[in-house]
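The values are calculated or read from the model by the stated rules, or taken from the named source; none is laboratory data. No experiment lies behind these values; they were computed from the predicted model shown. No Cβ is skipped: glycine too gets one built from the backbone with ideal geometry, and neighbour counts run over all protein chains shown.
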Amino acid sequence: MHVNMIRSILFIVTGAWCAALFAQEGNKIANFVRTALDGRSKEIIAATIEMPSDRFGFRPSPQDMTFGQLTLHVADTNYLYCSKIGGVAEPAVPKMGDAEPKEKLVQRLKASFDFCSTALAGLADANKSETLEIGQARTSRAMAILTLTGTWTDHLALQATYLKASGHLPPAAAN
């Protein structure tokens, strides 16, 4: 009797563990975006903090946006894409210009990544083919995820360019 009870408990625990494991395996795209978010958010925030306050108005060339504009662009992109991908309302955030103090721009950036973490927490692959409207474009949720994660990589590379042009090493290069 006691052995049967232990077997039953082991069966239930093993079943729950396998179900959780298969659920993770079945959500490769959702897990991919959450993993990318975790890594890229830390890197992008670190690069933003690395830029000196007096260089947020810097632009490598006249046609480029300033570092402050780039920071706001990253935050705005996060809010738009994460709300659409996660199927949640985009939060109303106060208008902010790139001339705001560094601390406010960093705070906006961090808040946008926090929003993404919340918006994407319950994401599952079951609806990856659903069509989303992002601005004037229509795309699948899976393609929106690829676009968002690609822009994080591009934004980080741009930040590295701005930092180097300003005489600073990007945080990852400094390690």
In segment 101-141, what residues are of a type in the set (A, V, I, L, M), part of a helix (DSSP H, G or I) and at pLDDT 95 or above? L105, V106, L109, A111, A119, L120
Looking at this structure, is T71 surrounded by fewer than 19 Cβ atoms within 10 Å (Cβ to Cβ) and either touching a Phe, Trp or Tyr at 6+ places or on another chain (Cβ under 9 Å) or modelled with pLDDT under 95 (or both)? no
D154 vs. criteria modelled with pLDDT of 95 or more and acidic (D, E): yes
Hey, among the residues in segment 46-55 that are of a type outside the set (A, V, I, L, M, F, W, C) and surrounded by 15 or more Cβ atoms within 10 Å (Cβ to Cβ), which one's nearest to I134 (Cα to Cα)? T48
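To keep it simple, each residue is scored yes or no on (1) basic (K, R); (2) modelled with pLDDT of 90 or more.
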{"position": "S8", "(1), (2)": "no, no"}
{"position": "V13", "(1), (2)": "no, no"}
{"position": "E25", "(1), (2)": "no, no"}
{"position": "K28", "(1), (2)": "yes, yes"}
{"position": "R34", "(1), (2)": "yes, yes"}
{"position": "L37", "(1), (2)": "no, yes"}
{"position": "K42", "(1), (2)": "yes, yes"}
{"position": "A46", "(1), (2)": "no, yes"}
{"position": "P52", "(1), (2)": "no, yes"}
Within segment 127-175, considering residues that are farther than 25 Å from N27 by Cα and hydroxyl-bearing (S, T, Y), the one surrounded by the most Cβ atoms within 10 Å (Cβ to Cβ): Y162
Name the pairs whose Cβ atoms lie under 6 Å apart, with the first residue in segment 91-107 and touching a residue at least 12 places away in the same chain (Cβ under 8 Å), the second in a loop (DSSP other than H, G, I, E, B) and surrounded by 10 or more Cβ atoms within 10 Å (Cβ to Cβ), and 6 or more positions between them or separate chains? D98/T66; K102/F56
For segment 56-68, how many residues meet the condition of being at pLDDT below 95 and surrounded by 18 or more Cβ atoms within 10 Å (Cβ to Cβ)? 0
